[in-house]
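Everything below concerns the one structure shown next.
We did not get these values from a lab; they are worked out from the coordinates using the rules stated. As the structure is a prediction and not an experimental result, all values here were calculated from the model. Methodologically, a virtual Cβ is constructed for each residue, glycine included, from the backbone with ideal geometry; neighbour enumeration extends over all protein chains shown.
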Amino acid sequence: MDSDGAQTTIGFVGGTGPLGRGLAVRLARAGHRVLLGSRDEGKAAAAVEKLGERAAGTDLVGVTNERACADADVAFVTIPYTGQRQALPALAGPLGGKVVVCCVNAIEVDDRGPKVVRVPAGSAAEECQDLLARSRVAAAFHTVPARLLLDVGNQADCDTFVFADDEPARKAAFELATDIPGMRAIDAGPLRLSVGAEAATAVLLAVNLRYGTRAHLRVEDLER
Ligand SMILES: NC(=O)c1ccc[n+]([C@@H]2O[C@H](COP(=O)([O-])OP(=O)(O)OC[C@H]3O[C@@H](n4cnc5c(N)ncnc54)[C@H](OP(=O)(O)O)[C@@H]3O)[C@@H](O)[C@H]2O)c1
């Protein structure tokens, strides 16, 4: 629900991965209509099916990425960085004028573990804004482990930074994050600072691989 209590239709590009499924089920449980997108509609339907009881009673359906973008009020991009430049231009039309929440981390994993990918635009989020020039891009959820989101029996007790240059985009991403029980959104400034959260995620991933954990970021001493 938005600040007026209205239902938002949220589309996911690449909703079949762990992060897309985790955010989709949490936002559907918060009362939103959710369109979980994929390049393959059958794979989207299977991903919804796999959520099972966690999605019971919600308005969550599997569709193509194109349909998710066309019918959405707000769209989430939850694909690997390697796919962004290829996937987004074709969706720029249906996403024109809409808020897009980019969750993409410009990171890769090679035989030495996670590493940061240098993006000419500065960050995955800024590149997303360049590719979707007519959309209002915010960036968030970089450091939120999908496993926390998929564990719907428990609160997703974690923080997420929200970055945006566009005020309606910041507000929408902020409000949707706080619709997830336990999650705290932190206004972290302009889109260009997303590079810090994206890089921090490579470090967190390395730590989690080393320790076998799902550690995430918490900001202390924020409240006054
Ligand atoms: N996993 C996490 O805990 C987590 C947490 C925070 C942020 N993130 C970020 O969120 C994004 C998604 O993470 P994930 O772990 O869910 O990723 P993933 O499982 O690797 O990919 C998600 C989905 O993206 C689609 N996809 C893959 N390659 C693509 C390409 N070349 N072009 C278009 N679509 C493609 C696939 O969907 P279809 O085949 O169905 O189209 C896939 O199921 C990443 O950028 C990641 O850094 C992840």
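A helix-only calculation puts the chain at -10500 deg cm²/dmol for mean residue ellipticity at 222 nm, using -39500 (n - 2.57) for each DSSP H run of at least four residues, averaged over all residues. Database remark: amide H of MET183 closer than 5 angstrom to the amide H of ALA156, CYS158 (H placed geometrically; neighbours at sequence offset of 5 or more, or on other chains; Pro and chain starts carry no H).
Residues CYS158, CYS69, arranged from fewest to most other Cβ atoms within 10 angstrom of their Cβ, appear as CYS158, CYS69.
Figure legend: label point modelled 7 angstrom from the Cα of ALA133 along Cα→Cβ; residues of the stretch 66-89 with amide N under 20 Å from it are 84-89.
Build a GNM of the chain with springs between Cα atoms under 10 Å apart, and of ASP157, ASP166, ASP110 the one that fluctuates most is ASP110. Does the stretch 62-118 come out rounded, prolate or oblate, given a ≥ b ≥ c as the square roots of the eigenvalues of its C-alpha gyration tensor, rounded meaning a/c under 1.5 and, failing that, prolate meaning a/b above b/c? It comes out prolate by the Cα gyration axes. Taking every DSSP beta bridge that has both ends in the chain, the antiparallel portion is near 20%. When you work out D = kT/(6 pi eta Rh) for the chain at 10 °C and 1.306 mPa s, using the Kirkwood radius from C-alpha pairs as Rh and the Stokes-Einstein form, the result is 92 µm²/s. Coupling constants for the stretch 132-149 follow from the phi torsions by the Karplus curve (6.51 cos²θ - 1.76 cosθ + 1.60, θ = phi - 60°), and in residue order they are 10, 4, 8, 9, 10, 9, 10, 10, 6, 6, 4, 9, 8, x, 4, 4, 5, 6 Hz; glycine and proline get x.
Here LYS98 is the anchor, and the aspartates and glutamates within straight C-alpha reach of less than 12 Å, apart from those fewer than 8 places off in the same chain, are ASP71, ASP73, ASP166.
Summarising the amide proton neighbourhood of VAL101: residues at separation of 5 or more, or on other chains, whose placed amide H is nearer than 5 Å comprise ALA75, PHE76, VAL77, ALA138. Taking a sphere under 15 Å around the Cβ of ALA125 and counting the other residues whose Cβ falls inside, with K and R at +1 and D and E at -1, yields a net charge of -2. Taken about its Cα centre, the chain carries a charge dipole of roughly 460 debye when the Cβ of each Lys and Arg holds +1 and the Cβ of each Asp and Glu holds -1. For the stretch 59-184, rounded, prolate or oblate, judged on the Cα gyration tensor with a ≥ b ≥ c (square roots of eigenvalues), a/c < 1.5 rounded, else prolate if a/b > b/c? Here the stretch 59-184 falls in the rounded category. Could you give the nm distance between label points at ALA90 and GLU53, where each point is 7 Å from its Cα heading toward the beta carbon? So the label points at ALA90 and GLU53 sit 3.8 nm apart.
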